[in-house]
Amino acid sequence: MKRGKARIALTVALAASLASGGYAPAFLLEARAEVPTAGRFADVPETHWAAKHIAKLALQGVVEGTGVGVYSPNDSVNRADVLIMLVRMLGLKDEALQSGTEAVLPFGVQDYARNYVAVAASRRWIDVGYEHEVSVREAGKVWGEQPASREWVARTVLRAFGKQADAEAKAAAGGAVFRDDADIAPEHLGYVRLAAELGIVTGFEDGRFQPKKEITRAQMAAILSRSEKWSPVRHPDVLEGVAVRWAGGSLQIYTPNGIREIAVADDVPLFGAGADTVRLDRSAFSPGYPVYAIVRDGKALYLERTADRPDVRIFEGRVASLDLAALTVDLDIDGKIQHFELDGRVTATDAEGRGVDLGSVAPGSIVELQQLNIPGAKPFRLVVKRLSERRTVQAAFVSIDSGRSRITVRTASGTTETFEVAENVPIFLKDQPVSADQLLPGDPLQLETVDGIVRRIDVVLQTAEEWSIGTFVGLVRDGVEQLITVRGANGEYATRPAAEGAAVFWNETSLSLSELIAGDELRLEIGGGKIVAVRVLKRNIRTYYGASVVVYDEPTKTLTLTLPDGKPAAFRLDDSVELVADGSAVPLSMFSAVFPRGKRVDVTVASGDRILRVRLGSVYSGVLYRLDAQSKQLTVQVAGGDFVTLRIADVPVVLVPLKNPAGIADLRLGDRVEVRLNAAQDRVEWITVRRDVPMRISAVDAAGGKLTATDWTTGVSATYVISSSVTVERKGVGAVRLNAVSTGETAWFRFFGPQLEKVVLTEAVRGQVRAVDVATGKLTVVDADSAERTLTAAGTVEVYRGGAAIGLGGLSSGDRVEILQDDAGNLVVAVYVREARVFSSYDAATRTVRLKLRSTNDQGVYTLHPRAYVHSGTTRLDPAQLRDGDAVDVYVRHGEILEIEKKP
């Protein structure tokens, strides 16, 4: 039969059927069906992956059981029953039952389903001609009794929701969605692709869709449940809106028609928007969260939170005033005062949800107001981010920004903290004001803070009573004393004696008094009338990179160069000049041999004409500042802050840690690099990257001199040979032997290209995120012992959630994390994702945890983290105390569990 004729026959027969108004008998499959209370079935426990979907659809009458209290979730669904479910879901059941029994279809259908199928056909949910051809190929079988395939269901559901044009566009767009896209029939392909994009269908763990596989009753419920948002109709018992507040055992919900209050009994299942098996408690339905409920007679039978974040407006600022009687608050938000009237039932909490006395919120406190995003709403919650407080901080100076608005210090524990500095804050040394420009790294400071803002800075130098700033003029010896003469900013000269053993520092380098150079800007630290320490603030030094040797006259020790700008220059050398070639010192007598005419050299000059250093310009180390692949140029910021721009060879050798082969595209701005020039010194032919990689030790072979470690960012393990050139250190302790290293320890592996240079064992911070301050780079974590730890990022922050790298702002309160911080203050944060699972077994010998599978997509076997926190509430547990069938929340990453929480 041709498709056109099939449609005509159906149309005539269906028209007669709909006109007859006859009675359709109940279909056999659902004849003895029963929907238990709250849509629950004995064979669908709460932990079943589809329990949420089955309960929701059963309460709406879309699906029914196969017997008394039984759903049979793993049984297949035939084509006719799929259409029956769709007819019910779209509110067309009465139409089907009233259409009589005269519908004639060009393929076999069970009597109980005939009129449901006819309704689906008349609305073009199925193509009658196409299905007739299918029935012909299935000669001897009843079309409606055949199990529905996954691809056929995707097509049928989307046609029922009017998505045919969108699906056909998807088929023409191309691009694979599943590994087995080629196995999907062409007429179904666009529908499967669209269903996957809309979140209606998902693939299996191996990335396949398995289009020909028979759909199960559980899968069918999940598909219809997920597709409900695209349905043009809603069941009359469905209530959707925004949670307003709990009032005893009832939940108030804002809807477009006003606020509805529904009673929620203790046994009502509460579901979340994430994993299908996640169960929530009432606190999860706090104000602002969108909710979906099935309600009868004012009582909720089903309640679901449909988003992971509340729809609330946030106002954050500093409290200017708070009137408890009038329940009003004025906030300073970005320099502007805004007035708020608080809700009559406003609550005050800290960032972790613990109650706070509203009366303790004094002016100056940093707070966040939360207000429902609905008309007429007032702030219902006040979250205290920081109470007004005074604090004294003892720390070492690190840096202060150019605007003097933020100061960074290093505490005694080695962590860095950055503070906001109030305008015009004074800095004192022995109650005498000093300039911020005179501060040097390592200077001991005492900070006085109010509400987290620095209000006073004191320099705490034990031996110095005062500072004197000036430009070095000269050093002379007067008997047993050495006298230092400087010129002050006012142009006046001053001479002071240096104490015996007076220390001299330039950056981190110790010098002698004789190494001071005229023109050096000095900070003289004076105690007892003598100079006890000299710190070189600034040197009149310049380095010429890529100067060319013209001639060296050995008798006069005069070096003539062509500078990078093409101008000639001559310098007198002496034995104090540092000569370096390929990292090795060169005596002055060998100058002509090592630095012949035409060689490119880097020349460091002080006070205009005094040479301090001559280095063969063949290797440059520093930070990759700029990379232009188009023009084949790179710029390296070398020590001291100077920039060197070099051309790149056509095919340079690029060595990147844990990346082989590597190319220019694998370089990152900010990488520490060593670039090596060719023999002609005009092109970069080698680029080697030095990186610190966060690792966890997974095996130690002390006898064989090997460590096996897992890369935090990728989860990939490898074994590394610890040769005599590789140092192994423990942070805060120093060098250690391999037999002192334990599995489970965290460490930074420093690589220079492919070569391992150093292993620094570093204790990671693990626990639950309490607070995140993106502006200051602060992250506060509470560990398993309830100890709070705040880390401040002085450099970069890399946060990894699953396989994706996110910023610090991607962290949320409650996230379980493991954090490593290097000496430069850079942070790497690994987020362990929560899953609600059912425990099966634990093998202590292999630290293997087995969990029951919820679906074929689930992973069932995990490794327990060496420092895992296993608990029930606040009570620690041994993993062996867990029992088969225990409901647990696990926090997992790369097949490893960081925390297991046994549910009550």
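The values are calculated or read from the model by the stated rules, or taken from the named source; none is laboratory data. These figures come from a predicted structure and were not determined experimentally. For neighbour counting, all protein chains shown are included, and Cβ atoms are generated from backbone atoms with ideal geometry for every residue, glycine included. Just so you know, the surface numbers come from the protein's heavy atoms only, side chains and all, with ligands and any DNA or RNA stripped out. Shrake-Rupley method; radii C 1.70, N 1.55, O 1.52, S 1.80 Å.
List pairs: first residue in region 633-650 and at pLDDT 95 or above, second residue open to solvent by less than 20 Å² (accessible area, probe 1.4 Å) and among the small types (Gly, Ala, Ser) anywhere in the structure, Cβ distance under 7 angstrom, at least six positions apart or on different chains.
As it stands, the answer is none, since no pair meets every condition given.
Could you list, in sequence order, the residues of region 516-537 that are in contact with a Ser or Thr (Cβ under 9 Å, 6 or more places away or on another chain) and open to solvent by 30 Å² or more (accessible area, probe 1.4 Å)?
Ala518, Gly519, Glu521, Gly528, Val532
Quick one: is Gln394 closer than 20 Å to Pro444 by Cα, polar (S, T, N, Q) and either more than 27 Å from the chain's Cα centre (by Cα) or part of a strand (DSSP E or B) (or both)?
Values: closer than 20 Å to Pro444 by Cα: yes; polar (S, T, N, Q): yes; either more than 27 Å from the chain's Cα centre (by Cα) or part of a strand (DSSP E or B) (or both): yes.
Judged against the criteria, Gln394 is a match.
Can you work out which of the residues in region 397-431 that are among the aliphatic types (A, V, I, L, M) and open to solvent by 30 Å² or more (accessible area, probe 1.4 Å) is modelled with the lowest pLDDT? Before you say what the answer is, go through the steps one by one.
Residues of region 397-431 that are among the aliphatic types (A, V, I, L, M), as a first pass: 398, 400, 407, 409, 412, 421-422, 425, 427, 429.
Still in the running and open to solvent by 30 Å² or more (accessible area, probe 1.4 Å): 398, 400, 412.
On the way: Val398: 84, Ile400: 86, Ala412: 74.
For region 397-431, the residue satisfying everything is Ala412.
For region 203-220, indicate whether the set of residues that are under 27 Å from Gly91 (Cα atoms) and within 33 Å of the chain's Cα centre (by Cα) is non-empty.
First, pick out the residues of region 203-220 that are under 27 Å from Gly91 (Cα atoms): 214-220.
Now drop any that are not within 33 Å of the chain's Cα centre (by Cα), which leaves 219.
Yes, because at least one residue in region 203-220 is under 27 Å from Gly91 (Cα atoms) and within 33 Å of the chain's Cα centre (by Cα).
For a quick check of your reading: which helices (runs of 4 or more DSSP H) sit entirely within region 66-135 and have at least 1 residues that are open to solvent by 30 Å² or more (accessible area, probe 1.4 Å)? Working first, answer last.
Working: elements: 79-89, 93-97, 114-122.
Here the list reads 93-97, 114-122.
Quick check on my filter: what residues within region 611-642 are of a type in the set (Lys, Arg) and within 30 Å of Lys557 (Cα to Cα)?
Residues of region 611-642 of a type in the set (Lys, Arg): 613, 615, 626, 632.
Scanning region 611-642 gives Arg613, Arg615.
Looking at region 135-164 only, could you name the residues that are of a type in the set (A, V, I, L, M, F, W, C) and modelled with pLDDT under 90? Explain how you work it out, then say what you get.
Quick first cut of region 135-164, residues of a type in the set (A, V, I, L, M, F, W, C) only: 136, 139, 142-143, 148, 152-154, 157-158, 160-161.
Passing the criteria: only Ala139.
Please list, ordered by first then second residue, the pairs with beta carbon atoms under 8 Å, 6 or more apart or interchain, first in region 213-233 and closer than 11 Å to His53 by Cα and of a type in the set (Phe, Trp, Tyr), second modelled with pLDDT of 95 or more and outside any loop (DSSP other than H, G, I, E, B).
Here the result reads none, with nothing in region 213-233 linked to a residue that is modelled with pLDDT of 95 or more and outside any loop (DSSP other than H, G, I, E, B).
For region 610-623, state whether one or more residues are open to solvent by 60 Å² or more (accessible area, probe 1.4 Å), of a type outside the set (D, E, K, R) and farther than 24 Å from Arg647 by Cβ.
As a first pass, look at region 610-623 and keep what is open to solvent by 60 Å² or more (accessible area, probe 1.4 Å): 610, 613, 621.
This time we only want the ones that are of a type outside the set (D, E, K, R), so: 621.
The next check asks that each one be farther than 24 Å from Arg647 by Cβ; those that pass are none.
Looking for residues that are open to solvent by 60 Å² or more (accessible area, probe 1.4 Å), of a type outside the set (D, E, K, R) and farther than 24 Å from Arg647 by Cβ, one finds none in region 610-623, hence no.
Here is a yes/no grid of residues against (1) modelled with pLDDT of 90 or more; (2) in a strand (DSSP E or B):
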position	(1), (2)
Thr543	no, yes
Thr560	yes, yes
Asp565	no, no
Phe571	yes, yes
Asp574	no, no
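Please go through region 172-199 and pick out each residue that is in a helix (DSSP H, G or I), open to solvent by 40 Å² or more (accessible area, probe 1.4 Å) and either without any contact (Cβ under 8 Å) to a residue 40 or more places away in the chain or over 19 Å from Val82 (Cβ atoms) (or both).
Looking only at region 172-199, we keep the residues that are in a helix (DSSP H, G or I), and these are 172-173, 181-183, 186-197.
Restricting the remaining residues to those that are open to solvent by 40 Å² or more (accessible area, probe 1.4 Å) gives 172-173, 182-183, 186-187, 197.
The answer is Ala172, Ala173, Ala182, Asp183, Pro186, Glu197.
Considering only region 633-648, state which residues are of a type in the set (A, V, I, L, M) and buried (at least 16 other Cβ atoms within 10 Å of the Cβ).
Within region 633-648, the subset of a type in the set (A, V, I, L, M) is 634, 636, 638-639, 644, 646, 648.
Correct list: Leu634, Val636, Val638, Val644, Leu646, Ile648.
With Ala649, Ala606, Ala629 as the choices, which residue is of a type outside the set (Asp, Glu) and within 30 Å of Leu516 (Cβ to Cβ)? Talk me through it step by step, then tell me what you get.
Values: Ala649 fails: within 30 Å of Leu516 (Cβ to Cβ); Ala629 fails: within 30 Å of Leu516 (Cβ to Cβ).
Selected residue: Ala606, the only one of Ala649, Ala606, Ala629 that is of a type outside the set (Asp, Glu) and within 30 Å of Leu516 (Cβ to Cβ).
How many residues, within region 156-167, are over 18 Å from Glu131 (Cβ atoms) and either in a helix (DSSP H, G or I) or open to solvent by less than 50 Å² (accessible area, probe 1.4 Å) (or both)?
Kept after step one, since they are over 18 Å from Glu131 (Cβ atoms), are these residues of region 156-167: 161-163, 165-166.
Restricting the remaining residues to those that are either in a helix (DSSP H, G or I) or open to solvent by less than 50 Å² (accessible area, probe 1.4 Å) (or both) gives 161, 163, 165-166.
Looking only at that region, the number is 4.
Do you know which residues across region 667-700 are touching a Leu at 6+ places or on another chain (Cβ under 6 Å) and among the charged types (D, E, K, R)?
Listed by number, the list holds a single entry, Asp671.
Given the structure, is Ser576 loosely packed, with under 14 Cβ neighbours inside 10 Å and closer than 27 Å to Leu461 by Cα?
Numbers: loosely packed, with under 14 Cβ neighbours inside 10 Å: yes; closer than 27 Å to Leu461 by Cα: no.
For Ser576, the condition - loosely packed, with under 14 Cβ neighbours inside 10 Å and closer than 27 Å to Leu461 by Cα - is not met.
Hey, which of the strands (runs of 3 or more DSSP E) in region 719-812, taking only ones fully inside, have at least 3 residues that are under 27 Å from Leu655 (Cα atoms)?
Values: elements: 727-730, 746-752, 755-761, 765-773, 778-782, 788-792, 797-801, 804-806.
Where strands (runs of 3 or more DSSP E) fall fully within region 719-812 and carry at least 3 residues being under 27 Å from Leu655 (Cα atoms), they are 727-730, 746-752, 755-761, 797-801, 804-806.
Go through region 559-587 and give me each residue that's within 48 Å of the chain's Cα centre (by Cα) and hydroxyl-bearing (Ser, Thr, Tyr).
Matches in region 559-587: Ser584 only.
Return a yes/no flag: does region 350-357 have any residue that is crowded, with 18+ Cβ neighbours inside 10 Å, small (Gly, Ala, Ser) and in a strand (DSSP E or B).
There is no residue in region 350-357 that is crowded, with 18+ Cβ neighbours inside 10 Å, small (Gly, Ala, Ser) and in a strand (DSSP E or B).
Could you grab me the full set of residues in region 820-835 that are closer than 16 Å to Tyr862 by Cβ and surrounded by fewer than 21 Cβ atoms within 10 Å (Cβ to Cβ)?
Matches in region 820-835: Val833, Arg834, Glu835.
For every residue, the table says whether it meets (1) open to solvent by 40 Å² or more (accessible area, probe 1.4 Å); (2) within 18 Å of Lys385 (Cβ to Cβ); (3) within 34 Å of the chain's Cα centre (by Cα).
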residue: Arg260; (1), (2), (3): yes, no, no
residue: Val268; (1), (2), (3): no, no, no
residue: Arg279; (1), (2), (3): yes, no, yes
residue: Tyr289; (1), (2), (3): no, no, yes
residue: Tyr292; (1), (2), (3): no, no, yes
residue: Gly298; (1), (2), (3): no, no, no
residue: Tyr302; (1), (2), (3): no, no, yes
residue: Ser321; (1), (2), (3): yes, yes, no
residue: Ala348; (1), (2), (3): no, yes, yes
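When region 593-634 is examined, which residues are found to be among the hydroxyl-bearing types (Ser, Thr, Tyr) and either in contact with a Leu (Cβ under 8 Å, 6 or more places away or on another chain) or not in a strand (DSSP E or B) (or both)? Please lay out each step first, then the result.
In the first step, residues of region 593-634 are kept if they are among the hydroxyl-bearing types (Ser, Thr, Tyr); the result is 604, 607, 618, 620-621, 625, 631.
The answer is Thr604, Ser607, Ser618, Tyr620, Tyr625, Ser631.
Select from region 326-346 the residues that are assigned to a loop (DSSP other than H, G, I, E, B) and loosely packed, with under 14 Cβ neighbours inside 10 Å and list them in ascending order.
Initial filter on region 326-346 (assigned to a loop (DSSP other than H, G, I, E, B)): 326-327, 334-335, 342-346.
Result: Ala326, Asp334, Gly335, Gly344, Arg345.
Give the residue, chosen from Val870, Val817, that is β-branched (Val, Ile, Thr), surrounded by 14 or more Cβ atoms within 10 Å (Cβ to Cβ) and within 21 Å of the chain's Cα centre (by Cα). Walk me through how you get there before you give the answer.
Numbers: Val870 fails: within 21 Å of the chain's Cα centre (by Cα).
Matching residue, one of Val870, Val817: Val817.
Among the residues that make up region 459-478, is at least one of them under 18 Å from Thr392 (Cα atoms) and surrounded by 19 or more Cβ atoms within 10 Å (Cβ to Cβ)?
Our first condition is that a residue be under 18 Å from Thr392 (Cα atoms); within region 459-478, this holds for 459-461.
Retained after the next criterion (residues that are surrounded by 19 or more Cβ atoms within 10 Å (Cβ to Cβ)): 459.
Yes, region 459-478 has at least one match.
When both residues are 6+ apart or on different chains and their Cβ atoms are under 7 Å apart, which pairs have a first residue that lies in region 727-747 and is under 16 Å from Pro866 (Cβ atoms), and a second that is of a type in the set (S, T, N, Q) and assigned to a loop (DSSP other than H, G, I, E, B)?
Here the result reads Thr746/Thr762; Ala747/Thr762, each pair linking region 727-747 to a residue that is of a type in the set (S, T, N, Q) and assigned to a loop (DSSP other than H, G, I, E, B).
Before we move on, is Thr216 open to solvent by less than 30 Å² (accessible area, probe 1.4 Å), within 27 Å of Val63 (Cα to Cα), assigned by the TED database to the domain that holds Leu90 and among the hydroxyl-bearing types (Ser, Thr, Tyr)?
Numbers: open to solvent by less than 30 Å² (accessible area, probe 1.4 Å): yes; within 27 Å of Val63 (Cα to Cα): yes; assigned by the TED database to the domain that holds Leu90: yes; among the hydroxyl-bearing types (Ser, Thr, Tyr): yes.
So Thr216 passes the test.
Here is a check on your reading of the model: is Ser365 open to solvent by 40 Å² or more (accessible area, probe 1.4 Å), in contact (Cβ under 8 Å) with a residue 24 or more places away in the chain, closer than 30 Å to Ser283 by Cα and not charged (D, E, K, R)? So that I can check it myself, show each step before the final result.
On the way: open to solvent by 40 Å² or more (accessible area, probe 1.4 Å): no; in contact (Cβ under 8 Å) with a residue 24 or more places away in the chain: yes; closer than 30 Å to Ser283 by Cα: yes; not charged (D, E, K, R): yes.
So Ser365 fails the test.
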